[in-house]
Amino acid sequence: MTSTRFVGAFAGVLFAATAAQAADPVKIGLILPFSGPFADYGRQIDNGIQLYLKQNGDTVAGRKIELIRKDSTGPAPDIVKRLAQELVVRDKVDLLAGFGFTPNAFVGAQIATDARKPMVVMNAATSSITAKSPYVVRFSFTQAQINEPFGAWAARGGVQSVYTIVSDYGPGHDAEAAFKKGFTAAGGKVAGEVRVPLKSPEFSAYIQKVKDTKPEAVFVFLPAGEQGNAFVKTWREYGLPQAGVKLLAAGDLTDDGLIESLGDAALGLITSFHYSYAHDSAVNKAYTAAYEQAFPQVRPNFMSVAGYDGMAAIAAAIKAQDGRVDPDKTVELLKTTKMESPRGPISIDPETRDIVQTVYIRKVERVGGKLVNVEFDKIEQVKDPGK
């Protein structure tokens, strides 16, 4: 009898502990730049996450989703290392997410491996990030995925010579190598190349060099925001359009959230990217309408969509485990993701844990009084060729 009472009591304690654990929130450590020159990155991704939770509820399988936000301030791996360690050790998060920049994601991947925490990348775009840890799954894009098809498209379209200008850090190097690979494989020739400082570059000397070299086109990769605006302004001032030099750019240059700041100087720019605010689908129209209602005066961009899709995938993985967040099982479930995103159909390549999606060729036009990236060609179901 005593033994029976002990077993019954023990079972009751165990059940209570299990129920309490099930009621605990799922903690997601969100590391993004919320201040400084790249604060818009953090705002857009965080807005996408919040919109998903607003539409679908912030409780999944009986467990509330708790976001613990940490400010990386920009590309700052030393800061991110400390923040990720705090999230794991002190805050005891179940997952890590966000990561606006490649150096930050590299550091986060090491922490994710050591702590066995799933890590959902929502922007950083260097191909090798997912190879740094078996716990990393990416819902954004890679520069190789966007720009190798773009290079091939340009050469097939008749561009024979190109000059490349990219930011001197991981994504810029990836974008440069990918575009050149696609371009030269399709018969094009590289007339020259330059890498510019990530912080506060002055573009006049670089653009004068392009003008002197006289290529048919220039391929550009620059982070979204102030740099893109400065480049396009200088490009126009030096008369490159009048000289007949085409500008081909990675889609960051005409970021939907910041495109109006470019003004009419952006009209006619051709870019390659995986999302446009003007993407013509019912899912995207619903998304942009809901986003602008929730966050007035802010136009959703590719980062917001990555936050939205990443949160949707996390919620699906939690639901599939009845509220549990087993690290290895969560990664396995994230690898099975297939959904209709505002950007179009997406899935995760289970071998690389990287996203598979359509790449769109776009042209900046004014539609309904707004500057938008109008898609006019596409390459479907592109895997990351950088692996």
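Each value in this text was obtained by applying a stated rule to the coordinates, not by laboratory testing. Treat the numbers as computed from the prediction; the structure is a model and nothing was measured. Cβ coordinates were reconstructed from backbone atoms using ideal geometry, including for glycine residues, and neighbour counts include every protein chain displayed.
What is the distance in Å between the Cα centres of the range 319-368 and the range 57-97? Centre-to-centre (Cα) distance: 20 Å. Each of Thr288, Thr337, Thr126 was scored by other Cβ atoms within 10 Å of its Cβ. Listed from fewest to most, they are Thr288, Thr337, Thr126.
Ordering Thr337, Ser167, Ala278 by the projection of their Cα atoms onto the charge dipole of the chain, which places +1 on the Cβ of Lys and Arg and -1 on the Cβ of Asp and Glu, puts Thr337 at the extreme positive end.
Peptides 240-252, 61-73, 163-175, 133-145 ranked from most to least packed, by the mean per-residue count of other Cβ atoms within 10 Å: 133-145, 163-175, 240-252, 61-73. Taking the average, over residues, of other Cβ atoms within 10 Å as the packing measure, peptides 345-353, 199-207 rank 345-353, 199-207 from highest down. Per residue, the convex hull spanned by the alpha carbons of the range 154-204 comes to 71 Å³. Taking 13 Å as the straight-line reach from the Cα of Lys329, the aspartates and glutamates in range (excluding those fewer than 8 positions away in the same chain) are Asp94. Across every pair of non-identical alpha carbons in the range 60-217, the mean reciprocal distance, once inverted, gives a Kirkwood radius of 17.6 Å.
When the alpha carbon coordinates of the chain are projected onto the principal axes, the ranges are 95, 40, 36 Å, largest first. Straight-line reach from Lys189: taking Cα to Cα under 15 Å and skipping same-chain neighbours fewer than 8 places apart, the aspartates and glutamates in range are Glu148, Glu176, Glu216. Can you bin the range 140-283 into rounded, prolate or oblate? Criterion: square roots of the alpha carbon gyration tensor eigenvalues sorted a ≥ b ≥ c, rounded for a/c under 1.5, prolate for a/b above b/c, oblate for the rest. Rounded shape, in that the Cα axes give a/c under 1.5. Report, to the nearest 10°, how far helix 226-237 tilts away from the longest principal axis of the Cα atoms in the chain, using its own Cα long axis and a range of 0 to 90°. Long axis of 226-237 versus the principal axis of the chain: about 10 degrees.
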